[in-house]
Amino acid sequence: MRRINFTMDEETVSLLGSLADQFYGGNRSLAIRAAVESLAAHSGHAGWIITGFTPIEIESETQCHCCHEAFLPGATLFRPVFEKGVSPTALQELPTGPWLDCSKCAGGHL
Ligand SMILES: [Zn+2]
């Protein structure tokens, strides 16, 4: 836990107070935390982000997930590694189905 100071106008302070009283037993810290979590969830920025790629040697003809270029067996494509995180490009849900990128598209994600 860390103590932080920030400045809010009187209206926001009283709104925070009434939300804290109504839902969090008067605990303003809990109310702020819930507000920030809700903001992150609703602005679509908290989710799954690509943090790296694993190279895969393909065994059958496969299209790049992003540019749809076809690659022949034996070529190396890249499978994304997802982690929970916050980013403007975060995905709300983990993608289902195969996802293999060519080296150019994989480079564009990182
Ligand atoms: Zn591609």
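The values are calculated or read from the model by the stated rules, or taken from the named source; none is laboratory data. Predicted model, so just to flag it, every value in this text is computed and none were measured. Cβ sites come from the backbone with ideal geometry, for glycine too, and all protein chains shown count toward neighbours.
One line per residue, one yes/no per condition, for (1) among the aromatic types (Phe, Trp, Tyr); (2) assigned by TED's automatic domain parsing to the domain that holds ASP101; (3) within 16 Å of the ligand (Cβ to nearest atom); (4) within 17 Å of GLY108 (Cα to Cα):
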| residue | (1), (2), (3), (4) |
| --- | --- |
| ILE32 | no, no, no, no |
| ILE56 | no, yes, yes, no |
| GLU61 | no, yes, yes, no |
| LEU72 | no, yes, yes, no |
| PRO80 | no, yes, yes, yes |
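The residues of segment 79-108 that are surrounded by fewer than 11 Cβ atoms within 10 Å (Cβ to Cβ) and more than 18 Å from the chain's Cα centre (by Cα) amount to a single one, GLY97. Selection of segment 11-32 for residues being under 30 Å from PHE82 (Cβ atoms) and touching a Phe, Trp or Tyr at 6+ places or on another chain (Cβ under 9 Å) yields only LEU30.
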